[in-house]
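Quick notes on the structure that follows.
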Amino acid sequence: MRLSYVRELDEYPTGARRMKILTMAVLAILIGSYEGQIAPVVPLLLKDLDMTLATYGAVSGAAAVAGAIASILGGRLTDRVGRVRLLIPLMALTAVCCFAMTLVHSPRDLLIARIVLAFVDGVAMASTAPLIRDFSPRLGRAQAFGFWTWGPVGANFLAAAVAGWTLPIFNDSWRSQFVIMGCFSLVISIVIALNIADLSPELRARIQHTERAATEAVDVTRPARISALFSRPNIWAHVVGISLWLVLYITLSLFGQTMLVGALGVSSAEASTIMAAFWSLNLITLIVTGRLSDRLQLRKPFTLGGTIAAVLVTAFLAVLLGRPEVSSGTLMVVGALLGGSLGVAYAPWMANYSEDAEDADPRLQGTAWGLFGFLSKGIAVVGLLVIPRVVEATGWQTWLYVALGCLVLFVPAILMFNGPWRRATRTPVNVALKAEG
């Protein structure tokens, strides 16, 4: 029985209709990421709950574990029951979880609230990357995933901006932020519910090359088997490789400002400005490179080139961390170059991973992206637990060399991905058009 809020399409949408659905998927990941933001109110929260930073770190680690488990479960569920059927009610539930944060009065309450929110949000957001795949033909997939990546990054800016504007209005009450977050999320969830749609199982089983040209990929009467995905060496290369790549990315996301302050003695404001340069160029290169990758229909050269550039910039940054005096201007340029390099590699990699998983079985996109969500949150947990201890024992420069080594090990993994290294000659693309009716 089809639920009333699930609009299931039996014909692949084109033009503005497809773009509207893609926009809703990007908006969903933005709101889902925003709901998980707590950084702007942490100082107020610690004071009000009489909680140490170590306790807060343990709470965040537990929530990240819950989110990691939720991602892999949600990925499997979204393949089984559909994207929208899972996304819409859980987005509404995450808004309720935001309101529940206002009832927190102790560290124990915070632990429960953050675990529940992380789990529900993790299951809900597991539908967004598969939705991007469903509604982005291969001709435009890297750019689409570039916009999807704007969600987690844009959430940092949104949370900081809203807190900076509204905290003085509400007498610095941290609870006000979760009321605003809940209201905002609830309204946007309704907007998404009214405008988003799902593909029928038959359409999800196809590989869409352009808006109108597709390949019949699998027999939909046969169940999708996970073994079809994980029996392929290129998928394991993606899984292991991106786990190594994420070590540097998570380090900068979680501890970028802390590293600059601790290793170089810059002020918190200067560190935030330097990291803003990192994120700004990262956002730009995600879209620009994604568009170029789509135009050339090449993934691996961009991923390799961006990663090698990131290796060189990271090595230079590691050397800078050992110097007594480094200007803020130099750090800003280095940070921007590093963020830009990682952006060059990331959007084409996402498209490459989606396409390689699609070649195994198009119906397993949720499973593939659920695994990616598990890995990214798992690396965050490792970062929260391991990085502070390594830094306390050996310093930030040593840890950055560890992250650099992990980034270098991603390079041989790229060689195992599917896809061409050079642009194909201009020959017609052999795709089968699905018969109408």
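The values are calculated or read from the model by the stated rules, or taken from the named source; none is laboratory data. All values reported here derive from a predicted model rather than from experimental measurement. Cβ coordinates were reconstructed from backbone atoms using ideal geometry, including for glycine residues, and neighbour counts include every protein chain displayed. In case anyone asks, the SASA skips ligands and DNA or RNA and just uses the protein heavy atoms, side chains included. Shrake-Rupley method; radii C 1.70, N 1.55, O 1.52, S 1.80 Å.
Would you mind finding the one in Arg18, Arg83, Arg76 that is basic (Lys, Arg) and surrounded by 22 or more Cβ atoms within 10 Å (Cβ to Cβ)? Matching residue, one of Arg18, Arg83, Arg76: Arg83.
Quick grid of which residues meet (1) of a type in the set (S, T, N, Q); (2) open to solvent by 10 Å² or more (accessible area, probe 1.4 Å); (3) closer than 30 Å to Pro13 by Cα; (4) in contact with a Lys or Arg (Cβ under 7 Å, 6 or more places away or on another chain):
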site	(1), (2), (3), (4)
Ile169	no, yes, no, no
Leu186	no, yes, yes, no
Ile190	no, yes, yes, no
Leu203	no, no, yes, no
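Quick one: which residue in Val288, Val319 is within 18 Å of Thr251 (Cβ to Cβ), free of Cβ contacts under 8 Å to residues at least 12 places away in the same chain and out of contact with any helix residue (DSSP H, G or I) (no Cβ under 8 Å at 6 or more places or on another chain)?
After applying the criteria, what remains is Val319.
From the list Ala393, Ala413, the one residue that fits, being open to solvent by 30 Å² or more (accessible area, probe 1.4 Å) and part of a helix (DSSP H, G or I), is Ala393.
Taking each residue of the stretch 222-233 that is farther than 8 Å from Leu364 by Cα and looking for partners that are open to solvent by 80 Å² or more (accessible area, probe 1.4 Å) and not hydrophobic (A, V, I, L, M, F, W, C) with beta-carbon atoms closer than 8 Å, six or more apart or interchain, yields nothing.
The residue of the stretch 292-302 that is nearest to Leu244 (Cα to Cα), among those that are outside any helix (DSSP H, G or I) and open to solvent by less than 30 Å² (accessible area, probe 1.4 Å), is Arg299.
Within the stretch 241-291, the set of residues being over 21 Å from the mean Cα position of the chain (by Cα), aliphatic (A, V, I, L, M) and open to solvent by 50 Å² or more (accessible area, probe 1.4 Å) comprises Val261, Ala269. Mind listing whichever residues of the stretch 49-63 are surrounded by fewer than 16 Cβ atoms within 10 Å (Cβ to Cβ) and either outside any helix (DSSP H, G or I) or at pLDDT 90 or above (or both)? Result: Asp50, Thr52. For beta carbons closer than 6 Å, sequence separation of 6+ or different chains, a first residue in the stretch 100-127 that is hydroxyl-bearing (Ser, Thr, Tyr) and a second that is open to solvent by 40 Å² or more (accessible area, probe 1.4 Å), the qualifying pairs are Thr102/Arg175. Against the list (1) farther than 18 Å from Ala70 by Cα; (2) assigned to a helix (DSSP H, G or I); (3) out of contact with any helix residue (DSSP H, G or I) (no Cβ under 6 Å at 6 or more places or on another chain); (4) open to solvent by 40 Å² or more (accessible area, probe 1.4 Å), the condition Ser176 fails is (4).
Given the criteria touching a Lys or Arg at 6+ places or on another chain (Cβ under 7 Å) and either touching a residue at least 12 places away in the same chain (Cβ under 8 Å) or surrounded by fewer than 24 Cβ atoms within 10 Å (Cβ to Cβ) (or both), does Ala360 qualify? It is true that Ala360 is touching a Lys or Arg at 6+ places or on another chain (Cβ under 7 Å) and either touching a residue at least 12 places away in the same chain (Cβ under 8 Å) or surrounded by fewer than 24 Cβ atoms within 10 Å (Cβ to Cβ) (or both). Consider the stretch 321-372 and keep the residues that are hydroxyl-bearing (Ser, Thr, Tyr) and not in a loop (DSSP other than H, G, I, E, B). The one that is modelled with the lowest pLDDT is Ser328.
Looking at Ala95, Ala100, which one is open to solvent by less than 10 Å² (accessible area, probe 1.4 Å) and under 19 Å from Ile188 (Cβ atoms)?
None of the other options fit; the residue is Ala95.
Every test in (1) open to solvent by 10 Å² or more (accessible area, probe 1.4 Å); (2) in contact with a strand residue (DSSP E or B) (Cβ under 9 Å, 6 or more places away or on another chain) is passed by Ser136 save one, and that test is (1). Inspection of the stretch 105-128 identifies no residue that is open to solvent by 40 Å² or more (accessible area, probe 1.4 Å), modelled with pLDDT under 90 and within 28 Å of Pro362 (Cα to Cα). Any idea which of (1) in contact with a helix residue (DSSP H, G or I) (Cβ under 7 Å, 6 or more places away or on another chain); (2) in a helix (DSSP H, G or I); (3) modelled with pLDDT of 85 or more is the one Arg18 doesn't satisfy? It is condition (1) that Arg18 fails.
Looking for something open to solvent by less than 20 Å² (accessible area, probe 1.4 Å) and farther than 18 Å from Tyr346 by Cα - is there at least one such residue anywhere in the stretch 226-236? Yes: one or more hits.
Being of a type in the set (Phe, Trp, Tyr) and either surrounded by 21 or more Cβ atoms within 10 Å (Cβ to Cβ) or under 18 Å from the mean Cα position of the chain (by Cα) (or both), is that true of even one residue in the stretch 303-326? Looking through the stretch 303-326, none of the residues is of a type in the set (Phe, Trp, Tyr) and either surrounded by 21 or more Cβ atoms within 10 Å (Cβ to Cβ) or under 18 Å from the mean Cα position of the chain (by Cα) (or both).
One line per residue, one yes/no per condition, for (1) open to solvent by 40 Å² or more (accessible area, probe 1.4 Å); (2) at pLDDT 90 or above; (3) in a helix (DSSP H, G or I); (4) closer than 24 Å to Val382 by Cβ:
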position	(1), (2), (3), (4)
Val6	no, no, no, no
Ala25	no, yes, yes, no
Ile29	no, yes, yes, yes
Tyr34	no, no, yes, no
Val41	no, no, yes, no
Val65	yes, yes, yes, yes
Ala70	no, yes, yes, yes
